[in-house]
1. Given the condition touching a helix residue (DSSP H, G or I) at 6+ places or on another chain (Cβ under 7 Å), surrounded by 18 or more Cβ atoms within 10 Å (Cβ to Cβ) and farther than 21 Å from residue 227 by Cβ, answer yes or no: does some residue in region 10-17 qualify?
2. Could you list, in sequence order, all residues of region 307-337 that are within 15 Å of residue 275 (Cβ to Cβ), surrounded by 17 or more Cβ atoms within 10 Å (Cβ to Cβ) and free of Cβ contacts under 8 Å to residues at least 40 places away in the same chain?
3. When only residues in region 273-289 that are at pLDDT 90 or above and under 19 Å from residue 238 (Cβ atoms) count, which is surrounded by the fewest Cβ atoms within 10 Å (Cβ to Cβ)?
4. Run residue 236 past the list (1) farther than 29 Å from residue 311 by Cβ; (2) in contact with a helix residue (DSSP H, G or I) (Cβ under 8 Å, 6 or more places away or on another chain); (3) not in a helix (DSSP H, G or I) and report the number of the one that doesn't hold.
5. State which residue is nearest to the chain's Cα centre (by Cα) when the search covers only region 140-167 and only residues that are surrounded by fewer than 16 Cβ atoms within 10 Å (Cβ to Cβ), modelled with pLDDT of 90 or more and under 17 Å from residue 203 (Cα atoms).
6. Taking the conditions exactly as written (in contact with a helix residue (DSSP H, G or I) (Cβ under 7 Å, 6 or more places away or on another chain) and in a loop (DSSP other than H, G, I, E, B)), does residue 34 satisfy them or not?
7. Select from region 263-280 the residues that are touching a residue at least 12 places away in the same chain (Cβ under 8 Å) and outside any loop (DSSP other than H, G, I, E, B) and write down the one among them that is nearest to residue 334 (Cα to Cα).
8. Can you say whether residue 226 is in contact (Cβ under 8 Å) with a residue 40 or more places away in the chain, in contact with a helix residue (DSSP H, G or I) (Cβ under 6 Å, 6 or more places away or on another chain) and either closer than 20 Å to residue 30 by Cα or not assigned by TED's automatic domain parsing to the domain that holds residue 197 (or both), as far as the supplied structure shows?
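The values are calculated or read from the model by the stated rules, or taken from the named source; none is laboratory data. Since the structure is predicted, the reported quantities are computational estimates derived from the model, not experimental observations. Cβ atoms come from the backbone with ideal geometry, glycine included; neighbour counts cover every protein chain shown.
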């Protein structure tokens, strides 16, 4: 199940602002929390702020990812700090040089941190492959963006090459660049589309152990977009999933208002998929992977399904939402709002 990493709005030099932003989001998003926080480290002076952040966020998040932008990311790594989240140390300027990577991995091992490498190519150099095979701690791998390479194809090629070399290392899918499709647009819709194409495509392939959204300008929007992408790809279900087909001539009720009624009654159920189908002809087939189905079967009549099986027939529409709730309760999927 891919973990969600996000970037805060404030820089590391302002740890109090980061702590406040994390606290606000975590208190209101208990089912979809920030699991890892990506912190950009650009100078040695930032290490003291990192220490403050580590102590303050203990118990609030599971992981801090240090995105090390120093010229020599292995120059100085702080040791493991008791009562603080573990660190995933990311060498963001590592370009595939085996010598630099060896030194970085050795320093991470000595300091007790998990390493992460950004590769410049989806086909790592043989010397780097040999190094990775002998690494005592499997590093998390990401791919540096390149204007000459399609990111989706790059990650797929990297995964294929790792599989060929028998290197089952975790992959980190990063959405941290300006939108690729519309580079001059700063609209959320462009960011959403770009994230869906990159992360959604790879998640549907079964690729990705960590996913980050870093370019919306808000920690909370980064978090929400990451979880929505996971939900859309069916890689991680964190809220109720609704399926509704476009209405056609055979639909005998208003699909939008009916779906909203079902959503109002069941939208708090985490991890449940509910289909609302207006057509008895095609609806049962189109909702086949849903946990529960609400299907129009005649004027003012509704059939209810559990999976692919019809369990209630010809229920009056005025009672159908309540009977759906009863059905969900009978199957142990109900929780009170």
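1. Checked region 10-17: at least one residue is touching a helix residue (DSSP H, G or I) at 6+ places or on another chain (Cβ under 7 Å), surrounded by 18 or more Cβ atoms within 10 Å (Cβ to Cβ) and farther than 21 Å from residue 227 by Cβ.
2. 320, 327
3. My answer is 273.
4. (1)
5. If we take residues in region 140-167 being surrounded by fewer than 16 Cβ atoms within 10 Å (Cβ to Cβ), modelled with pLDDT of 90 or more and under 17 Å from residue 203 (Cα atoms), then 153 is nearest to the chain's Cα centre (by Cα).
6. Criteria met by residue 34.
7. 266
8. The answer is no for residue 226.
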